[in-house]
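Visitor: I have a structure I would like to understand better, so I am pasting it below and will then ask my questions one at a time.
Here, each number is a calculation from the coordinates, and none is a lab measurement. Just so you know, these numbers come straight off a predicted model, no measurement behind them. All Cβ positions, glycine included, derive from the backbone under ideal geometry; neighbour counts span all protein chains shown.
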Amino acid sequence: MKTEPDDMLEIALDVNGGRVRRRVSARQHLADFLRHELGLTGTHLGCEHGVCGACTVRLDGEIVRACLMLAVQADGARVETIEGLSDTGIVGELQRAFHERNALQCGFCTPGMLIAAAELVERQPGASRAAIRRHLSGNYCRCTGYQAIIDAVETVCRLHRGVRAG
Amino acid sequence: MKAPAFAYVKPRSLAETFDLLERHGEGARLLAGGQSLMAALNLRLDAPRILIDLNGLDELSGIRVDRDSITIGALTRHRIVERSTDVSRYLPLIHQAMPYVAHAAIRNRGTFGGSIAFADAAAELPACCVALDARFVIRGRNGERQVAARGFFKGWYETDLRPGEVLVSGEFARLGDDYRYSFQELARRHGDYATVGVAACARMAGDVLDDVRIAFCGMGATPRLAIAAAKALEGRAKPHLDVSTAQALLEQDLAPFDDLYQTAATKMHLARVLLGRALARIAVPHED
């Protein structure tokens, strides 16, 4: 990348396992890029200033707020959205548990909840209910009152605790 | 909302960064983790012409332990600081404070230096740096200077950084094993900016407390050092620790404002409660 300031920049990144190359406006944040340029509308925009967590995606394996980084900053990175993470692995298990425990209603917060929760299951399957609450404190849900979400995440954590202990 | 239009540039060296700052002056903003700046831009609280992305400058990132000091590079992400065994060993106060710094997804991007340079009065790391008497290393085209954390924070979002300068790192003295630490915070939601937070440490020489340092966040326009309260505790033996006098003296040390959620009087009450908790932790060690 050249080192003169520019309003439009060329970026190349990996999104859900596929190579993507686009010219983007400097001011466009990653969530709008995913939604508008790539049609990946599972990444939701709630507050657009980092408070609600609905736009949570993975960047090089770590969860981030897609509204708080520029698309141009994802140049060279590996991005995973709910579309790429669904149905398989830990996110798949969480989706089934969310369904079984009634942990969603309107579904707006769900992609962000799932991606944030998956990180906890991976890193800290022994997490207590209080630790699960703390970890998900960055994700707002306006329907469920959280109880069922914590139940669902706890169910999957337990499953993984067993696997690792065995 | 969406950010207003701006141009973007990612310099490959500090020298290039200084050039860009010189050329674009007031219209430029430095982009580190972006976890406050991007929010401010999306809310259109700020409208820079150019963002200078520091994320290509690897030299600003990392944690270094020397014989007498430990240094945290400005671009070191919160999550790295949180997980660093060097930080948990040599900077237990910062280690304790890290889980309170926003949420996991924000800690993955946010940086140590960004939090310091942004200087939100309710942020945890500025208060920790004031309590630990850190020094900030600042570089500009004409060289490097160091500023004590205690003189760096000037007012609401106002610091000692001058036009053309970049915060490079924070340096902390390595304290002895006889120091004890406690970070306590109250927030409306875990991970939000503090309503009130306290960063405290002291040396326990046998039963006697000395070198007591107490700094608050959320209790004024800048992190506030509680000098009178600390002095009342200095040199006291544990059984005679006059916690209530120290708590009462906070009235002299702190200058909270009313905000949307709490009155200044409520914040003063909460500050006294947190100081009590912090001193209990320091006087009776816990495994955290």
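Visitor: Roughly how many debye, to the nearest 20, is the charge dipole of chain A about its Cα centre, given +1 on each Lys and Arg Cβ, -1 on each Asp and Glu Cβ, and no other charges?
Guide: That gives chain A a dipole magnitude of about 520 debye.
Visitor: Set the Förster radius R0 to 41 Å, insert the Cβ-Cβ distance between B:ALA15 and B:GLU158 as r into 1/(1 + (r/R0)^6), and round the FRET efficiency to 0.05. All intermediate terms of the calculation are to be shown ahead of the outcome.
Guide: Details: r = 27 Å, r/R0 = 0.66.
Efficiency at R0 = 41 Å is approximately 0.90.
Visitor: Take peptide B:92-103, look around each residue's Cβ out to 10 angstrom, count Cβ atoms belonging to other protein chains, and average those counts.
Guide: Partner Cβ neighbours, averaged per residue: 2.
Visitor: 7 Å from Cα along Cα→Cβ at both B:VAL208 and B:LEU260: what's the point-to-point distance in nm?
Guide: 5.0
Visitor: While we're looking at this one, here's another question. Please compute the modelled spin-label separation between A:HIS160 and B:ILE227, points set 7 Å along Cα→Cβ, answer in nm with one decimal.
Guide: With each label placed 7 Å out from Cα toward Cβ, I get 5.0 nm.
Visitor: Neighbour counts of other C-beta atoms within 10 Å: give me B:ASP258, A:ASP151 arranged from fewest to most.
Guide: Exposure proxy ranking, most exposed first: B:ASP258, A:ASP151.
Visitor: Could you tell me the center-to-center distance, by alpha carbons, between the range B:133-185 and the range A:1-71 in angstrom?
Guide: Here the two parts' Cα centres lie 32 Å apart.
Visitor: Quick one: grab Rg to one decimal and Dmax as a whole number for the range B:163-211, Cα atoms only, in Å.
Guide: 16.1, 49
Visitor: Another question, then. Based on the mean of other beta carbon atoms within 10 Å per residue, what is the order of B:89-100, A:16-27, most packed first?
Guide: Working: B:89-100: 21.8, A:16-27: 14.3.
Going from most to least packed, we get B:89-100, A:16-27.
Visitor: Also, quick follow-up: What are the membrane-span-like helices in chain B by this rule: whole DSSP H runs, Cα extent along the axis at least 18 Å, mean Kyte-Doolittle hydropathy at least -0.5?
Guide: TM-like helix candidates: B:264-283.
Visitor: Related question: Using Stokes-Einstein with the Kirkwood hydrodynamic radius over Cα pairs, what translational diffusion coefficient do you get for the range B:134-204 at 20 °C and a viscosity of 1.002 mPa s, in µm²/s rounded to a whole number?
Guide: D, rounded to a whole number, is 145 µm²/s.
Visitor: Just to be sure I understand the rule: take each whole DSSP H helix in chain A, project its Cα atoms onto its long axis, keep it if the span is 18 Å or more and its mean Kyte-Doolittle hydropathy is at least 0.0. Which ones pass?
Guide: A:110-123, A:147-165
Visitor: So, one more: If I model a spin label at A:ASN102 and A:MET8 as a point 7 Å from the Cα along the Cα→Cβ vector, what separation in nanometres do I get?
Guide: 5.2
Visitor: Taking the Cα atoms of chain B alone, what are Rg (to one decimal) and Dmax (as a whole number) in Å?
Guide: Computed over the Cα atoms of chain B, radius of gyration and Dmax are 19.2, 61 Å.
Visitor: So what's the back-of-envelope 222 nm ellipticity for chain B, counting only DSSP H runs of four-plus at -39500 (n - 2.57) apiece and dividing by all residues, rounded to 500?
Guide: Taken over chain B, the calculation gives -9000 deg cm²/dmol.
Visitor: Moving to a separate point now. Looking at A:GLY92, A:VAL15, B:PHE183, which one has the Cα that reaches farthest to the positive end of the dipole of the protein assembly as shown (charges on Cβ: Lys, Arg +1; Asp, Glu -1)?
Guide: With unit charges placed on the Cβ atoms, the residue in question is A:GLY92.
Visitor: Now for a different question. Ranking B:THR159, A:THR81, B:THR266 by Cβ neighbours within 10 Å, fewest first, what do you get?
Guide: B:THR266, B:THR159, A:THR81
Visitor: For the range B:60-173, just run the numbers: alpha carbon Rg, then divide by 2.2 N^0.38 Å, N being how many residues it has.
Guide: 0.98
Visitor: Still on this structure: Using alpha carbons only, how many angstrom separate the centre of the range B:54-95 from the centre of the range B:260-284?
Guide: Value for the Cα centre distance between the two parts: 28 Å.
Visitor: Also, I was wondering about something else. Based on the mean of other beta carbon atoms within 10 Å per residue, what is the order of B:241-252, B:126-137, A:67-78, most packed first?
Guide: B:126-137, A:67-78, B:241-252
Visitor: I want to verify the translational diffusion coefficient of chain A in µm²/s; compute it with Stokes-Einstein, Rh as the Kirkwood radius over Cα pairs, at 37 °C and 0.692 mPa s.
Guide: Answer, rounded: 200 µm²/s.
Visitor: Using Stokes-Einstein with the Kirkwood hydrodynamic radius over Cα pairs, what translational diffusion coefficient do you get for the protein assembly as shown at 37 °C and a viscosity of 0.692 mPa s, in µm²/s rounded to a whole number?
Guide: Using the Kirkwood radius from Cα pairs, D works out to 142 µm²/s.
Visitor: Could you give the distance between the Cα centres of the range A:84-151 and the range B:207-244, to the whole Å?
Guide: 41
Visitor: What shape does the range B:181-283 have by the C-alpha gyration tensor, where a ≥ b ≥ c are the square roots of the eigenvalues, rounded means a/c under 1.5, and otherwise prolate means a/b greater than b/c and oblate the rest?
Guide: Note, shape of the range B:181-283 comes out prolate.
Visitor: What per residue convex hull volume, in Å³, comes out for the range A:8-84 when only alpha-carbon positions are used?
Guide: Hull volume over Cα atoms, normalised by residue count, gives 72 Å³.
Visitor: Summing -39500 (n - 2.57) over the DSSP H runs of n ≥ 4 in chain A and dividing by its residue number, what mean residue ellipticity at 222 nm do you reach, to the nearest 500 deg cm²/dmol? Working shown, then result.
Guide: On the way: 5 runs with 56 residues, N = 166.
The helix-only estimate for chain A comes to -10500 deg cm²/dmol at 222 nm.
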